[in-house]
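In what follows, a single structure is set out as structure tokens and then discussed.
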Amino acid sequence: MGLRARLVLAGVSGVLAGVVTVWIALAAGGETPSGLGAWGAAGLAIGFGVTAALTLLAMRVPLRTIAAVRVGLARATGGEAAPIVPAEGAGTAELARMFNEAALLLDIRLRAIRQSHAQLKAVLSAMTDGVVIVDEEEAVALMNPAAGSLLDVDAENAPGRSLPDALRDHELVAVCQRARTADDTVSESLVAVGPHGRSVQVLATPIRLGDMRHIVLVLHDLTEVRATAAARRDFVANVSHELRTPVTSLRALVESLQAGAADDPELRTDFLRRIDGEIDRLAAMTAELLDLAAAEAGRMSRQFERINLGDLVRQSAERLRPQAERGGVMLDIDSSPTLLTVSADPEQTDRMVVNLLHNAIKFTPPGGLVRVSVRAEDGDAVVRVQDSGVGIEPEELPRVFERFYKIDPSRAGEGAGLGLAIAKHTALQHGGRIWAESDGPDRGSVFAVALPVADEN
């Protein structure tokens, strides 16, 4: 038998540090042994326990400091600001000071990194050129929204995906692979990318980030540039064609007159009449070119007035009735009796309506019908010119308002193909819209213009 004593030692933050058990043996029968030996052993055991307890109590301060350092490091590496560790004892003051200084420097650097990252993200998001960074494992490390739009992929989900899976374009993958082994930028012009085949110039530049070799792809969209260049070439070709015909006719007529036709009164009169017509044609085309150039540059003078659109359309149509009758086309003017007031330039609006009506009469065969109407629709005054003429192919409808565009590929018809282009600019400059409708060849067409109804105030 014996006596047993137990000391429970608390550690840091309430954690159990240890248990010291002291056991004193008793003689058989429960009697306490005599002599100092037994009591000395008991005292030794109790002294050991007390010493252990005092030692653990003295270690609680540095243990708390070390625990605070551990928590601070965990928070700092997780992106949070590291807490200030208090120096609770002389033995840990230097440790706390060193940690606090290191934590402050780490916090400053992390803030700078986060700020740089935010600035880089803002710059890449605002760029109109596509940017793709490819890592050493042939996976996308970064893609900005412009690149995602060009390639028709989700830029947010692209990082981490393989290059072929993310870009979905074998030409771009090939350019990237060539840049992997190159020492300088690899350039590839006019690569068709995306579902709509947009033309882009690709620049693939190898860069080193530490020991890793990355590739930076820059995608510059040249689609609009190529379209502008093509439009410029078409413009020059069309102007040359439209000028060549009357100039050639004038030269032939003048040469005929010089060769002796001037001596014949009947031929002379006919040739002079034809020369006069060709000159009128050149003058009209020149005026249309000047009007179109002024409209596209935004320099066309406008004198806005409050006008009754129904009355203006009726007057414009009546002026073209003789032309319709000469061509055997019936002209029907159907305007709403309701007063439809718009704020517009009367001269330009009249020219726009005349262009639409002239176009409809010209492409309607004898016996056909051209109807013009004015109606109020959803806050707009809508002018519709409907004909029973040759109609338009559906794929050609978006192009009918282009300058010099003609439905007849031979361009044998009269006019330079500028009337509808001028009408479009006029409608847009008045805050309106213009469009064309047709069910196909020989099924007629509708040209419509919508202008905002003027405020009563």
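Descriptive notes on the structure:
- Within region 235-276, tally of residues that are surrounded by 12 or more Cβ atoms within 10 Å (Cβ to Cβ) and under 30 Å from residue 402 (Cβ atoms): 11
- Residues of region 381-413 that turn out to be open to solvent by 30 Å² or more (accessible area, probe 1.4 Å), modelled with pLDDT of 75 or more and in contact with an Asp or Glu (Cβ under 8 Å, 6 or more places away or on another chain), as a count: 2
- Cβ pairs under 9 Å, 6+ apart, first in region 122-141 and closer than 14 Å to residue 166 by Cα, second hydroxyl-bearing (Ser, Thr, Tyr) and surrounded by 14 or more Cβ atoms within 10 Å (Cβ to Cβ): 130/149
- Selected residue (criterion: farthest from residue 433 (Cα to Cα)) from residues of region 307-347 that are open to solvent by 10 Å² or more (accessible area, probe 1.4 Å) and polar (S, T, N, Q): 323
- Condition broken by residue 182, with the remaining ones in (1) exposed (fewer than 11 other Cβ atoms within 10 Å of the Cβ); (2) in contact with a Pro (Cβ under 8 Å, 6 or more places away or on another chain); (3) not acidic (Asp, Glu) satisfied: (1)
- Answer residue from region 414-435, given it is farther than 15 Å from residue 358 by Cα and among the small types (Gly, Ala, Ser) and is surrounded by the fewest Cβ atoms within 10 Å (Cβ to Cβ) among those: 431
- Residues that are under 13 Å from residue 151 (Cβ atoms) and in contact with a strand residue (DSSP E or B) (Cβ under 8 Å, 6 or more places away or on another chain) within region 163-175 comprise 163, 166, 167, 169, 171, 172, listed in sequence order.
- Among the residues of region 367-379, the ones that are surrounded by 19 or more Cβ atoms within 10 Å (Cβ to Cβ) and of a type outside the set (Gly, Ala, Ser) come to 3 in all.
- Any strands (runs of 3 or more DSSP E) falling wholly within region 183-224 and containing at least 1 residues that are at pLDDT 80 or above, hydrophobic (A, V, I, L, M, F, W, C) and under 13 Å from residue 130 (Cα atoms): 198-209, 212-221
- Evaluation of residue 137 against the conditions (1) in contact with a strand residue (DSSP E or B) (Cβ under 6 Å, 6 or more places away or on another chain); (2) in a loop (DSSP other than H, G, I, E, B) shows that the sole unmet condition is (1).
- Any hit, region 251-267, residues being without any contact (Cβ under 8 Å) to a residue 60 or more places away in the chain, in contact with a Ser or Thr (Cβ under 6 Å, 6 or more places away or on another chain), in a helix (DSSP H, G or I) and among the charged types (D, E, K, R): no
- Residue match in region 154-171 (condition: hydrophobic (A, V, I, L, M, F, W, C) and surrounded by fewer than 16 Cβ atoms within 10 Å (Cβ to Cβ)): no
The values are calculated or read from the model by the stated rules, or taken from the named source; none is laboratory data. The model shown is predicted, which means the values in this text are computed figures rather than measured ones. Because the Cβ atoms are built from the backbone with ideal geometry, glycine has one as well, and the counts that use them run over all protein chains shown. Just so you know, the surface numbers come from the protein's heavy atoms only, side chains and all, with ligands and any DNA or RNA stripped out. Shrake-Rupley method; radii C 1.70, N 1.55, O 1.52, S 1.80 Å.
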